[in-house]
Structures are given as C-alpha cells and as structure tokens.
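Just below is one structure, and these are the notes that go with it.
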Amino acid sequence: MQNTRKTERNFKRIAMNRMFLWGALFSLIFVSCNRNPLKIDVSDQKINLKVAHFDADILHIDPEQIGEKTEFLQKKYGEFFDIFNYQMIRIGGTDQPNYTELLAGFVTDTLIQRLQKDVAAKIDTAKLSAELDNLFRHYKHYFPGKEIPAIYTCISGFNQSIVTSTGLIGISLDKYLGADCTYYPQLGLPNYKIRNMYPGKITSDVAYAWAMTEFPLPENSNNLLAQMIYEGKLIYFTQAMLPDLPDSVIIGYSQKQLDFCRQNEAKMWTYLAEQKLLFSTDRMTIKRFIGDGPYTNPFTPESPGRAGVWIGWQIVRSYMKANKGLSLSALMANTDPQNILQNSGYQP
C-alpha cells in the first residue's frame, strides 16, 4: 500500500515537472516570437556625439557686442551659423550692410526672449543629449562606415523644426514646447501638427530627417507605391534607431489613429489595389495618401493623415520579416519598390 502511494506521488511529481517544463517552453517560444528584433545592445558602440547649444551662445550676447561676436560665432559654429542666418531666421549673411542690426533685432525680440525661458522650462537638454547619443549609437551599429553628424540646438522663432546638411543637424527647440503651448494656435497651426510638437517627438523627427538626408528619394519614385515604400523605409529606419519608442510616437499617431490603421489595414490596401492607385503618378493622388493632414482622403475622417505611409511601413516590416538576416543598410540601398513588395509576402 505504501509502495502504491509512493508510486502515485512520483507520477504526480513527474507530471507536474512536465507541466512546468512545457509551460516554460511555451513561454520561451511566446517571448521569442514577440521579441522586437530591433532591440539590440549598443553599449559597446563608441561615438563622440557633439551636441552644441547655439541658442545658449547667441541669446546671451550683449546686443552692443554683436558686431564683435559675429566672427566668434562663425568660427565656433561654421556651416550651421550660415544655415541659421539664411534658412532659419532668414536675415541673410554677414556681408549684408544691415546684418548686425537684423541679428540684434532677433536677439532682443521679446518673443524670442520668452521662448528662451519656455524652452529652458520644458525641455531637458541633458536628457535630450542622452537620447540623441542612444540614437546615433544605433546608427553606428547599422552603418559603421558613416559619419556621425554634429547636432546644434537653437531657437528660430518657429521658422523650422529640423534642418540637415552634410554632417550636421539643427533642431529648433521652440517647435517642441508641447501641445498646450499657446503660441502654436496663434500661429494658425492645425491641431494635427500641434499634437506632434512636444519634447518626446524630437528624437524620432531627427532620425527621420537624417534618413531623408542620407537616403534621398530615388529619381524614379514617381508613383504612389514607390513613395509609400520609400516613406515606409524611412519610418522603419527611425524605428531601428529608436526601438524603445512606441509605434504611435515613431509615426506620430494617437493610439486611436494607430488602432484604426491596424483594424482597417486590409480594407485600405484592397481599396488601393481595386482602384488601381498603386501605380498612379498623379501628384494629387500621391499627396492624398502620403501628405500630412487631419485624415486621409478618400478614407473616413477617423483615419489619420499619411495612411499610405503607414501601409508602406507595414510592407517594409513584412519584407524584413520575410528576409531574416537582411541588414538595414541593404534595405535602405534597395531602391526597387516592386522588388520589396513582391518579396515581402505582404498580406494584410
């Protein structure tokens, strides 16, 4: 009798051990299947990211000394100094007779002075520098032979968000003061733009802008499909640089808009295919699906703008999933959108 009970206990113990092992195995499989392959360890990537705060230098200059300090600013900031003058605040170059007066007017403007205080209160530049460092460690991992750009922050009086040039990125911090910033509605900016003008959006905007600079739109991208997939590659690149950011931040959608796209992906794709729009070269047609806006016309008002970009992103994701081991650099080098679609196995 005792032996029988002992045998039963052993059977129960073995059964429980098996259940535990099977549970652990299923958990491991589940985690492996759902693990984000873009989440990688980049702590060993050595970069020397330069983040210079141009706004701190220029806005603390005594207006009476602007003429004397111009040479110092030119030497310290190089090409960015010219970009700031010509493209961002648009006062022209230092060779203009009234340049000193124009720059003094910008520096002493009461709005600019208020913006300086607002930026200091709402944007943690030390945290931003750390986030940018993480971004470009990922960039170094994927593109070891490419140059790490110098980054300059500034206040431009709402003229620009991100500017890029060879080897540099400029960030206008006054374009990221938050959706509750009272200045933005006064400027006539629509709500769909204001919603993405907050500090947490800076890094994804930087990654996207840098991708556009390093991987410009191919000349033959003259139809809707080509531009959808090109934009999808830019968003995928952004996600690879910032794998910890949620999809909603990466593409700039609210959770409700993201849910709409996920729930209606098949319908949107079917519409594009049945209406024979994928190979349309009509500029207005392309703009309807790629351009920013309150929603995507002819989809419902519940849809987000740039729904074509979101679909392009899903095609690229499917392509990378179907071609395991393909590098990000190989993806960005592939300028054949039909090849990407055909080899993606995309089936929404």
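The values are calculated or read from the model by the stated rules, or taken from the named source; none is laboratory data. Not measured: the values here are computed from a predicted model. All Cβ positions, glycine included, derive from the backbone under ideal geometry; neighbour counts span all protein chains shown.
So which residues in the range 259-313 are in a loop (DSSP other than H, G, I, E, B), of a type in the set (A, V, I, L, M, F, W, C) and under 24 Å from Leu189 (Cα atoms)?
Within the range 259-313, the first condition is being in a loop (DSSP other than H, G, I, E, B), and the residues that meet it are 275-282, 291-306.
The next check asks that each one be of a type in the set (A, V, I, L, M, F, W, C); those that pass are 277-279, 299.
Of everything in the range 259-313, just one residue is in a loop (DSSP other than H, G, I, E, B), of a type in the set (A, V, I, L, M, F, W, C) and under 24 Å from Leu189 (Cα atoms), namely Phe299.
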Check your understanding: Does the range 221-240 contain at least one residue that is modelled with pLDDT under 95 and either among the polar types (S, T, N, Q) or under 28 Å from Thr164 (Cα atoms) (or both)?
Key -> yes
Review point. Does any residue of the range 136-159 turn out to be closer than 21 Å to Asp292 by Cα and assigned by TED's automatic domain parsing to the domain that holds Asp55?
Key: yes
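Which residue, of Pro190, Pro218, is more than 11 Å from the chain's Cα centre (by Cα), surrounded by fewer than 18 Cβ atoms within 10 Å (Cβ to Cβ), at pLDDT 95 or above and not basic (Lys, Arg)? Steps first, please.
On the way: Pro218 fails: at pLDDT 95 or above.
One residue alone meets the criteria, Pro190.
When only residues in the range 104-134 that are over 11 Å from Asp55 (Cβ atoms) and not in a helix (DSSP H, G or I) count, which is nearest to the chain's Cα centre (by Cα)? Break it down stepwise before answering.
Residues of the range 104-134 that are over 11 Å from Asp55 (Cβ atoms), as a first pass: 104-106, 108-111, 113-114, 117-118, 121-122, 124, 126-134.
Then drop every residue that is not not in a helix (DSSP H, G or I), which leaves 109, 124.
On the way: Asp109: 31, Asp124: 19 Å.
It comes out as Asp124.
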Point to revise | Counted residues, the range 88-132 - those being over 30 Å from Ile47 (Cα atoms), touching a Gly at 6+ places or on another chain (Cβ under 8 Å) and hydrophobic (A, V, I, L, M, F, W, C) | key: 6
